[in-house]
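The block underneath contains the structure these notes are about, expressed in structure tokens.
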Amino acid sequence: MSVILVTIESRGGAVLPISFELLAAARQLADAAGWQVEALVAAADPAPLAAEIKAADRVLTVAHPALSPYNPAAQAAVLKSVVAARRPALTLCGYTTAGLDLAPVAAAAGQAALVAYATALSLEGESLKATSQVYGGKLTAATETALPAVAALVPGRWSEEAGRAGSGGSVEAIEPPALDALGCAVVAELQPEAGGVDLTQADKILCVGRGIGDKDKIPVAAEVAELLGAALAGSRPIIDSGWLEKARQVGKSGTKVKPKLYVAVGVSGAPEHLEGMGSAELIVAVNSDAQAPIFGAAHFGTTCDLFDLLPAVAERLRQ
């Protein structure tokens, strides 16, 4: 029986949300094809992490001190040995910092094609069909790849809840490969300084992007955020420009949020940003570019001038 291998990412002794999205995608594909799902957990102490995995038919654990905290060389060596031994038909990684390290390793080890930026997958016979984002999400590409294959999935497109469901499968411990001479070592883990806002706890967020124009225009959006009772956030270009503090950044290199309401104002919707907010319950987008990728994730959207819209919304909210 063919197998889908899922790479499990963890940090601080907990499985990261992207891993549950990968499990949801794998479970959906495997159930339709009559395949099995195996999850690879490589850590200094993989047992607590393996206990979180319920959607896989089998959890493969590899224990070694070099695997925690995350060391790309150690994780790559483990994945290479597992792919070579198990020969999965399909390997799933996240399109994340770790996934960028590991997906090419899995492809090389399995002599398989790699499909990146994937937002949708299906299996048809001996082929993997995928939809991927290209050119920063402004276009999508449809591909058909012969198996075996490796896919790197864009976060925020599959259900974490579905990936957490299941009765759990068997656990199989695997001996690690030689991890004594890796060529690199973790010196320290640096965490961003805590700010005055915790976006992960906000029920409502209004996020401004480069479409706001300049720093002097941010108060227009901030007023609407205050009237909505929403936290003010920014996309990476806003943070990099120093217009808002780092604690307010949403996206791959910022904070991943899941509010009840997410209002994106002048945000283009690059894959790295969608990774951070794609699971919001209700997404409203304001962008004058009708082709902006944010509209692909939004439930409601408008291409009107944000400087016409925001003052009118503020006035209505004051009333």
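The values are calculated or read from the model by the stated rules, or taken from the named source; none is laboratory data. Please read all numbers here as calculations on a predicted model, not as lab measurements. Because the Cβ atoms are built from the backbone with ideal geometry, glycine has one as well, and the counts that use them run over all protein chains shown.
Count of region 119-131 residues, restricted to those that are surrounded by fewer than 19 Cβ atoms within 10 Å (Cβ to Cβ) and of a type outside the set (D, E), is 6. The set of residues in region 159-189 being part of a loop (DSSP other than H, G, I, E, B) and small (G, A, S) consists of S159, A165, G166, S167, G168, G169, A178, A181, G183, A185, A188. For region 41-89, the tally of residues that are among the hydroxyl-bearing types (S, T, Y) and part of a loop (DSSP other than H, G, I, E, B) stands at 2.
Taken over region 295-319, the residue count meeting the criterion of being free of Cβ contacts under 8 Å to residues at least 60 places away in the same chain and either within 24 Å of A116 (Cβ to Cβ) or surrounded by 17 or more Cβ atoms within 10 Å (Cβ to Cβ) (or both) is 3.
Might you let me know whether region 109-118 holds any residue that is touching a residue at least 12 places away in the same chain (Cβ under 8 Å), more than 20 Å from L40 (Cβ to Cβ) and either aromatic (F, W, Y) or surrounded by 23 or more Cβ atoms within 10 Å (Cβ to Cβ) (or both)? Yes: region 109-118 contains one or more residues that are touching a residue at least 12 places away in the same chain (Cβ under 8 Å), more than 20 Å from L40 (Cβ to Cβ) and either aromatic (F, W, Y) or surrounded by 23 or more Cβ atoms within 10 Å (Cβ to Cβ) (or both). Please determine whether any residue of region 94-108 is outside any strand (DSSP E or B), of a type in the set (F, W, Y) and under 24 Å from K138 (Cβ atoms). The answer is yes, given that some residue of region 94-108 is outside any strand (DSSP E or B), of a type in the set (F, W, Y) and under 24 Å from K138 (Cβ atoms). Kindly establish whether I238 is surrounded by 14 or more Cβ atoms within 10 Å (Cβ to Cβ), within 22 Å of E160 (Cα to Cα), touching a strand residue (DSSP E or B) at 6+ places or on another chain (Cβ under 8 Å) and not hydroxyl-bearing (S, T, Y). Criteria not met by I238. One residue stands out among those in region 138-190 that are at pLDDT 95 or above and among the β-branched types (V, I, T): the one that is farthest from A297 (Cα to Cα), which is I174. Residue count for region 114-149, restricted to those that are closer than 14 Å to P88 by Cβ and touching a Gly at 6+ places or on another chain (Cβ under 7 Å): 1. When we screen L147, L199, L190, L232 for residues that are within 30 Å of S68 (Cα to Cα) and surrounded by 12 or more Cβ atoms within 10 Å (Cβ to Cβ), the only hit is L199.
Checking A231, A181 one by one, the residue that is of a type in the set (A, V, I, L, M, F, W, C), on the phi < 0 side of the Ramachandran plot and touching a residue at least 24 places away in the same chain (Cβ under 8 Å) is A231 and no other.
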